[in-house]
1. Of the residues that make up the stretch 480-503, is at least one over 25 Å from the mean Cα position of the chain (by Cα) and surrounded by fewer than 17 Cβ atoms within 10 Å (Cβ to Cβ)?
2. Mind checking which residues of the stretch 593-606 are in contact with a Ser or Thr (Cβ under 9 Å, 6 or more places away or on another chain) and surrounded by 20 or more Cβ atoms within 10 Å (Cβ to Cβ)?
3. Is it true that Ser278 is assigned to a helix (DSSP H, G or I), out of contact with any strand residue (DSSP E or B) (no Cβ under 6 Å at 6 or more places or on another chain), polar (S, T, N, Q) and over 19 Å from Ala575 (Cα atoms)?
4. Filter the stretch 131-159 down to the residues that are surrounded by fewer than 19 Cβ atoms within 10 Å (Cβ to Cβ) and among the hydroxyl-bearing types (Ser, Thr, Tyr) and list them by number.
5. Scan the stretch 311-320 and tell me whether some residue there is within 24 Å of Pro501 (Cβ to Cβ), of a type in the set (A, V, I, L, M, F, W, C) and more than 14 Å from the ligand (Cβ to nearest atom).
6. Of the numbered conditions (1) modelled with pLDDT under 95; (2) crowded, with 23+ Cβ neighbours inside 10 Å; (3) not basic (Lys, Arg), Ile285 fails exactly one; give the number of that condition.
7. Select from the stretch 449-499 the residues that are in contact (Cβ under 8 Å) with a residue 40 or more places away in the chain and part of a strand (DSSP E or B) and list them in ascending order.
Amino acid sequence: MCGIVAYVGERTAYPILIKGLQRLEYRGYDSAGIALLNKGIHVYKCQGKVKDLEKHTNGNAISGTIGMGHTRWATHGEPSDNNAHPHESENGKFIVVHNGIIENYAHLKKELINRGYNFKSETDTEVLANLIENIYLEKKVDAELAVRLALTKVVGAYGLVISCTDEKDQLIAARKGSPLVIGVGDKEYFLASDATPIVEYTDQVIYMNDEEVAIISREKLDMKSIQNDAKVPKIQKVDLSIEEIDKGDYEHFMLKEIYEQPSSIADTYRGRISLDKSKIFLGGITEALPAIAKANRIIIVACGTSWHAGLVGEYLFEEYARIPVEVEYASEFRYRNPVVSADDVVIAISQSGETADTLAAIKMAKEAGATIIGICNVAGSSIPRETHAGVYTHAGPEIGVASTKAFTSQVTVLTMMALLIGKKRLALDEITYSHMVDELTQIPEKIKEILKSEKHIKEIAETYQKASNVLYLGRGCLFPVALEGALKLKEISYIHAEGYPAAEMKHGPIALIDENMPVFVIATKDKSYEKIVSNIQEVKARNGKVIAIVTKGDTVITNMADHVIEVPDCHEALAPLLTVIPLQIISYHIAVLRGCNVDQPRNLAKSVTVE
Ligand code: M6R
């Protein structure tokens with residue numbers, strides 16, 4: 001939610017900021033703005049996307065070797081020119097870009113109004129800019145101290161870059177809750193919400209920790225805590241290449257990421273499965289394995305697509321490791337008073353590793369004494385830093401807002417964990433274990449086969465592109481795939497879609513079925529096959545249109561359904577990894593046919609760092 005980029009060095013800042021904002025646009029795209037600082041002060045900002053900002057700056061002064069930029073996902077105040085960042089303090093002393101939420105902004109604003117401050121925007125960020133300025137002017141301290149003092153009054157989350165117009169050669173950055181990465185170059189520094197705007201210039205980065213402040217000029221970088229304790233920055237090599245964050249020949253990131261799944265899944269299990277395919281090693285959880293194996297229960301916390309992966313995990317852990325599992329929306333779990341104890345293992349699943357609700361849920365479970373395991377994609381993000389142990393998914397950067405390859409990598413990790421723990425608990429026999437590991441390694445080739453049917457899937461998309469409502473049905477571990485299919489469709493094409501356990505249809509949703517209702521049924525061969533065939537008949541009897549995802553060679557459903565999409569045969573526990581692919585492709589094509597912005601759907605952002 002919101003992307004920040006900043007530069008201080010000897011190059012012209014403008015192109016670095018613009019390119020950086022384009023890379024961060026997946027984090028929010030309601031408005032964009034930049035401030036160029038050392039050669040005069042120029043602030044440009046407008047509602048809309050980075051391309052609108054470029055038009056807005058066209059013909060204006062864009063020189064300067066220090067600057068900051070912001071791309072916004074609106075929280076306080078609608079998307080507008082006024083609410084766009086950077087925000088200037090009333091007397092023009094401070095310029096601020098911010099990612100996060102200042103929770104006590106209303107109280108702070110009231111105090112500032114009483115002191116004579118006026119506000120031009122509805123944002124919490126402008127409150128912070130004025131708070132810093134007020135302290136700076138009243139206490140007559142330097143900019144750094146004014147920032148630190150202001151932050152002691154702030155409740156909430158922030159990734160901040162601040163410039164004081166009296167100290168134009170330096171930037172001040174601070175982090176609490178929202179990510180900030182510093183790129184270290186030769187007499188130059190880069191700042192960004194993630195490493196994607198930085199990798200083009202340097203592979204040396206510092207991931208800022210919570211409550212740290214960095215004071216950065218061309219010559220040096222000072223790190224300290226908000227309370228003024230010196231901090232030694234830990235410089236790391238970032239593991240990210242430019243090609244990974246480029247669309248290449250694909251029209252959209254989403255399509256590229258769908259097509260990457262054979263390799264992203266292989267990357268997830270690479271080095272974690274023995275050559276003879278008889279063993280799984282998950283180095284990140286080796287030490288926690290005894291605790292997981294003897295856990296009373298596993299609680300999975302996540303949001304959105306990651307929550308759907310968690311539901312697949314529930315099925316796998318219960319079936320193969322025989323541990324009771326609860327899957328919780330992180331946002332619900334954290335605001336209830338859940339019963340969590342030291343005998344519980346909490347698994348947090350998150351692509352970004354920054355989702356505020358998931359982060360808060362694991363902090364709460366940690367305080368209750370549970371063992372916390374993370375399954376995350378973004379290395380160095382906040383969630384892996386809060387967990388006791390974890391497994392990275394290694395899916396590579398996922399830029400499209402609609403999650404695709406992150407889901408299949410999360411399911412791959414959960415599958416490996418369930419098998420490993422099942423074996424350790426003697427719940428899974430050696431033969432089944434080895435057979436399933438072997439089957440897992442065949443998944444990438446099977447996905448390649450499914451991808452070959454893109455043309456056929458696109459034709460189905462053409463038929464249903466104008467639908468207003470769509471149902472998705474599945475059973476067992478394919479029920480979460482139905483939920484995921486529905487989420488993919490609604491988030492990028494704005495068609496109302498719902499996922500249901502197929503057997504639940506007769507308890508309500510069946511009332512919706514008529515000749516205008518497309519119903520996707522995930523009906524591969526497994527132990528509920530006969531039951532789902534009956535569910536398809538129930539839909540057909542009411543003239544619903546059935547699009548069935550079936551196992552290759554299926555003739556029974558092929559004779560009943562309006563359309564079928566075949567996937568290769570596989571072990572039933574691995575079917576989510578295959579059956580989700582056609583659903584991703586169909587959502588993609590329906591959204592493109594409807595003229596929607598596939599990679600940046602309205603109102604959404606990739607990384608939800610607000611609660
Ligand atoms: O980064 P996370 O996995 O924690 O994100 C959770 C959800 O916000 C995310 O999965 C969201 O639902 C996706 N846009 C769905 O495609």
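1. Yes, the conditions are met somewhere in the stretch 480-503.
2. Residues of the stretch 593-606 that are in contact with a Ser or Thr (Cβ under 9 Å, 6 or more places away or on another chain), as a first pass: 593-594, 596, 598, 601, 606.
Correct list: Val598, Pro601, Lys606.
3. The answer is no for Ser278.
4. Thr152
5. yes
6. (1)
7. Hits for the stretch 449-499 are Asn469, Val470, Leu471, Tyr472, Leu473, Gly474.
To keep it simple, each residue is scored yes or no on (1) touching a Pro at 6+ places or on another chain (Cβ under 7 Å); (2) of a type outside the set (Lys, Arg); (3) free of Cβ contacts under 8 Å to residues at least 24 places away in the same chain; (4) under 21 Å from Pro197 (Cβ atoms).
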| position | (1), (2), (3), (4) |
| --- | --- |
| Val238 | no, yes, no, yes |
| Tyr250 | no, yes, yes, yes |
| Arg272 | no, no, no, no |
| Leu275 | no, yes, yes, no |
| Ile280 | no, yes, no, no |
| Glu287 | no, yes, no, no |
| Ala291 | no, yes, no, no |
| Ala295 | no, yes, no, no |
| Ile298 | no, yes, no, no |
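The values are calculated or read from the model by the stated rules, or taken from the named source; none is laboratory data. Fair warning: this is a prediction, and the values are worked out from it, not measured in the lab. In this analysis, Cβ positions are derived from the backbone assuming ideal geometry, glycine residues included, and neighbour counts consider all displayed protein chains.
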